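Novice: For reference, the structure I am asking about is given below.
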Amino acid sequence: MTLDLILFLFLSLIAIASAFGMLLSRNAVYSALFLVLNFVTVAVFYLLLGAPFIAMAQVTVYAGAIMVLFLFVIMLLGADELPKAQVLPWQKPLAIALAVILAVEATFLLVTKARPAGDVLQPETVINSMDNLREMGMSLFSTYLLPFEVTSILLLVAMVGAIVLTKKEKGAQK
Amino acid sequence: MVPINYYIILSAILFTIGVTGVLIRRNALIIFMSIELMLNAANLAMVAFSSVLKSFSGQIFVFFVIAVAAAEVAVGLALIVEIFKSKRSIDVDQMSSLKG
């Protein structure tokens with residue numbers, strides 16, 4: 001067992017445990033905090049895979065902005081705990097059985113059919129983070145220029161949509 | 001040196017936990033968080049592939065996915081706040097106004 005593999009196993013243990021914590025905790029605030037831990041762990045995976053820019057974007061956008069938005073909404077609504085009301089008693093066992101089947105199937109198909117051959121980057125071949133940033137910037141503004149611009153329009157639409165949805169209409173009753 | 005298969009298996013497990021969250025939880029916010037977890041699992045697989053193929057395209061896709069997720073969360077949380085204002089609950093079982 002190399003150090004790399006030990007690190008991977010340790011981190012994946014944290015990632016899976018925090019995902020289960022998100023799934024199982026009754027309080028929505030705890031769920032959000034477990035999800036932040038999961039996102040930070042995935043960011044460390046990105047660093048291990050030689051993607052420092054994506055790792056930083058993950059921490060700032062996901063763990064920072066998106067989860068703060070979630071926590072704001074949870075605390076604003078005060079709806080952190082729901083009463084236990086099981087409408088369909090057979091739904092939970094069926095969902096878990098189907099999910100296990102999905103996991104096995106997806107793993108099997110991805111591992112046997114749809115994967116690139118080879119191992120991931122060795123830690124000896126260090127990625128210079130400025131090189132990574134430069135390469136990504138170059139391809140974002142040349143090959144992927146159109147998707148980049150479309151993304152800016154998408155963000156604008158989302159911003160306008162969120163404002164229109166939450167603002168009070170003029171003349172509406174109080 | 002970690003085989004790519006390990007990353008794929010981890011990604012599949014995280015994705016499945018997200019699917020299970022969407023299926024068994026009733027709280028709309030937790031369902032939303034599970035969707036974020038699924039997006040993250042797919043991102044992890046894409047970055048692993050880009051690392052093996054020594055190509056930046058996977059990382060660029062992940063960049064776009066993060067941008068789309070941010071937009072989706074902004075609109076989705078605004079919708080949840082609106083639903084809470086009218087129904088006083090974010091239990092998805094309560095959202096059955098369209099049912100005849």
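The values are calculated or read from the model by the stated rules, or taken from the named source; none is laboratory data. What you see is a predicted model; the values in this text were computed from it and never measured. Backbone-built Cβ (ideal geometry, glycine too); neighbour counts: all protein chains shown.
Novice: Residues in the range B:1-41 that are of a type in the set (A, V, I, L, M) and more than 30 Å from residue B:84 (Cα to Cα): how many?
Specialist: Qualifying residue count for the region: 8.
Novice: Considering the range B:66-93 alone, what residues qualify as being outside any helix (DSSP H, G or I) and among the polar types (S, T, N, Q)?
Specialist: The one that is outside any helix (DSSP H, G or I) and among the polar types (S, T, N, Q): B:89.
Novice: Which one of the conditions (1) at pLDDT 90 or above; (2) over 24 Å from residue A:28 (Cα atoms); (3) not basic (Lys, Arg) does residue A:70 fail to meet, given that it meets all the rest?
Specialist: Of (1) at pLDDT 90 or above; (2) over 24 Å from residue A:28 (Cα atoms); (3) not basic (Lys, Arg), only one is false for residue A:70: (2).
Novice: Run residue B:5 past the list (1) more than 7 Å from every other protein chain (Cβ to nearest Cβ); (2) polar (S, T, N, Q); (3) closer than 30 Å to residue A:96 by Cβ; (4) assigned to a helix (DSSP H, G or I) and report the number of the one that doesn't hold.
Specialist: Just one mismatch for residue B:5, condition (1).
Novice: Give the residues of the range B:48-64 that are part of a helix (DSSP H, G or I) and exposed (fewer than 15 other Cβ atoms within 10 Å of the Cβ), sorted by residue number.
Specialist: Within the range B:48-64, the subset part of a helix (DSSP H, G or I) is B:48-53, B:57-64.
Those that are part of a helix (DSSP H, G or I) and exposed (fewer than 15 other Cβ atoms within 10 Å of the Cβ): B:53, B:57.
Novice: Could you tell me which of the residues B:69, B:45 is surrounded by fewer than 21 Cβ atoms within 10 Å (Cβ to Cβ) and modelled with pLDDT of 90 or more?
Specialist: Answer to the selection: B:69.
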